[in-house]
């Protein structure tokens with residue numbers, strides 16, 4: 001099996017020893033994104049703004065891998081408070097068409113840089129998909 005790293009400047013750079021995404025076997029495994037604006041490095045304020053920035057970052061990684069949100073089959077959502085679930089969900093639903101991907105949502109004790117939400121994804125790349133160069 002070969003695997004290929006996905007890299008884009010349109011999303012925050014990895015802050016550790018991991019790739020923004022890995023393509024293997026026609027699938028795209030996207031690392032978790034947090035609400036950091038890629039150009040300024042600033043963290044969005046509030047769960048709605050963070051969720052929107054997270055999904056914009058995730059969208060940039062998907063695009064660099066030759067995918068869109070329509071290709072996403074599974075997401076993982078990590079919240080520091082389940083009380084934020086309805087507000088996160090209200091933003092999240094605007095990024096995915098029917099049928100939405102399978103999803104797990106869990107409450108965690110903390111996330112990098114003190115953010116309130118992190119989202120990762122798995123997408124299946126169709127024949128049209130290829131890595132952006």
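The values are calculated or read from the model by the stated rules, or taken from the named source; none is laboratory data. Predicted model only: the values in this text are computed from it and were never measured. Glycine gets a Cβ as well: all are built from the backbone with ideal geometry, and neighbour counts include every protein chain shown.
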Count - residues of the stretch 14-35 that are in a loop (DSSP other than H, G, I, E, B), over 10 Å from residue 60 (Cβ atoms) and in contact (Cβ under 8 Å) with a residue 12 or more places away in the chain: 8
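Considering 9, 57, which residue is at pLDDT 95 or above and part of a loop (DSSP other than H, G, I, E, B)?
On the way: 57 fails: part of a loop (DSSP other than H, G, I, E, B).
9 is the lone residue from the list that is at pLDDT 95 or above and part of a loop (DSSP other than H, G, I, E, B).
Mind counting the residues in the stretch 90-111 that are assigned to a helix (DSSP H, G or I), more than 13 Å from the chain's Cα centre (by Cα) and more than 10 Å from residue 47 (Cα to Cα)? It would help to see each step written out before you state the result.
Looking only at the stretch 90-111, we keep the residues that are assigned to a helix (DSSP H, G or I), and these are 90-92.
Checking the rest, the ones that are also more than 13 Å from the chain's Cα centre (by Cα) come to 90-91.
Pick out the ones that are also more than 10 Å from residue 47 (Cα to Cα) and you get 90.
Of the residues in that region, 1 qualify.
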Selection within the stretch 1-30 - surrounded by fewer than 16 Cβ atoms within 10 Å (Cβ to Cβ) and within 17 Å of residue 111 (Cα to Cα): 13, 14, 15, 16, 17, 18
Residue in the stretch 74-87 that is touching a residue at least 12 places away in the same chain (Cβ under 8 Å), crowded, with 18+ Cβ neighbours inside 10 Å and part of a helix (DSSP H, G or I) present: yes
Residue 47 vs. criteria touching a residue at least 40 places away in the same chain (Cβ under 8 Å) and touching a helix residue (DSSP H, G or I) at 6+ places or on another chain (Cβ under 6 Å): yes
